[in-house]
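Structure, as structure tokens:
Where a number appears in this text, it was derived from the coordinates with a stated rule and is not lab data. Small disclaimer: the values here were computed from a predicted structure and weren't measured. Cβ placement follows ideal geometry from the backbone for every residue including glycine, while neighbour counts extend to all protein chains displayed.
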Amino acid sequence: MKEEWSLSRDMGEPVKEQGIGALLQWNALLISFALFVTLALLSGITSENDWTHMWILVLLIILALALLITSADFFVEGAKGLARRAGMAEVVIGLTIVSIGTSLPEILVTATASASSGNDPALMDLAVGNIYGSVLVQITLVLGIVVAFKPLDIRPAWLRRDGLLMLFSIIILTALLWEGNELSRIEGAILCSIYALYIVWLLSDTDKIRDDELEMVDEIKSTTEFSWTGTAYFVMVVIGLAMAVYSANELVKHACEIAYKLDVPHAIVGSTMSGLGTSLPELTVAMVAVRKSQGVAIGTLIGSNITDPLLSIGIAALISPISLTEQSYDLTMYLIIPMTLIGVSVCLLMMWTGFRFSRLEGSILIGFYLLFLILIELQRQGYLTI
């Protein structure tokens, strides 16, 4: 096992750094790997007896949830370690590496839907709905659950820089969709370019951001007594993220199967499982991170809601121009998009008042998402005309 010694910048004491050999002995990784193997093996088991198959699905959901939690914890530790070794503020790691990683489900869903839209134009509705639905879920339900678990302190710098860009990203995507009723390849390239410029600017300004987070000094001092190598931290990020995305997909798949077996209407399953399903990595990472790093927690949620309306839908538009079908145009433009914009605005307003998220405000955000589901169902039943 390779071991290295370096001098702590903050404490002036030698720090023992352990490499991948030591990392592979870490209990969290072994537990995650055991859960992954068990989940993969049991996923192939079927039964002709409905009740037996139902219990197998319940067991698979429990295993997927356990893997999601352990892998997210592994991922957050790796992300924090990379931040410390690079001298970066943890919120920057949350806004870049973590947010892009946890947005992979949205990126894959929208890109796949766009690539397959030649055979089924309605898949474009899925691509657009997935982006707005994910943003709404994350900024209301997911953030509400996180805040209900533990109130969050909000830094004014986060709000001025990243919060306002999150709102701007959704507004510019909506404006491009509204103008011409489609998103062309050129407009997709514009969205991707805006995101690239944001990342470049964020990374170039990381020293100032780190200086703004004064408590980072205390946190680094308290954690530099023992450290992994940079390579080990990177492996933690890759393995943790891969397992988190896999377990999230398995959890959604088996939960949907149970819903169908219980005759839950497909519209309800789609409006809840799809948006929340692709947001499970953000939810789990944020829930784990809030206990260890509020910068990673907030950066993950805000960063993901910048990534989705810029990078995710931008990539999909580059693959194939995006336009809404006539059947879903009114629902998307006059209900889903307005509710998303209102939800983001309410969230930012709560952040601005006192720069702290209370449990009451978290409950309000959860209630807002439930109101959205009620409106969707009323519209589906014909009680709400758009």
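Couple of notes before you dig in:
- Couplings 3J(HN,Hα) for region 164-181, derived from phi with the Karplus relation 6.51 cos²θ - 1.76 cosθ + 1.60 (θ = phi - 60°), are 5, 5, 4, 5, 4, 4, 5, 5, 5, 4, 4, 4, 5, 5, 5, 7, x, 6 Hz, where x marks Gly and Pro.
- Ordering M124, M339 by the number of other Cβ atoms within 10 Å of each residue's own Cβ, fewest first, gives M339, M124.
- Residues of region 332-346 with amide N under 18 Å of a point placed 7 Å along Cα→Cβ from L371: 334-346
- Extended-chain gain in nm, criterion 0.36 nm per residue less alpha-carbon gap, S184 and I62: 39.7 nm
- At R0 = 25 Å, FRET efficiency that the Cβ-Cβ distance of W352 and A175 yields, to 0.05: 0.60
- Extension gain, S363 back to K150 (0.36 nm per residue minus Cα-Cα distance, nm): 75.5 nm
- Exposure proxy ranking for M350, M166, based on other Cβ atoms within 10 angstrom of each Cβ and starting from the fewest, stands as M350, M166.
- Which of F355, F234 has the fewest Cβ neighbours within 10 Å, and the rest in rising order: F355, F234
- ³J(HN,Hα) computed for each position of region 373-381 - Karplus, 6.51 cos²θ - 1.76 cosθ + 1.60, integer Hz, glycine/proline x: 4, 5, 5, 4, 5, 4, 5, 5, 7
- Cβ-defined net charge surrounding V135, 13 Å radius [Lys, Arg +1; Asp, Glu -1]: -3
- Simple label model, 7 Å out from Cα along Cβ direction - T52 to A40, nm: 2.6 nm
- Distant-in-sequence amide H partners of L152 (H built 1.01 Å from N, under 5 Å): F357
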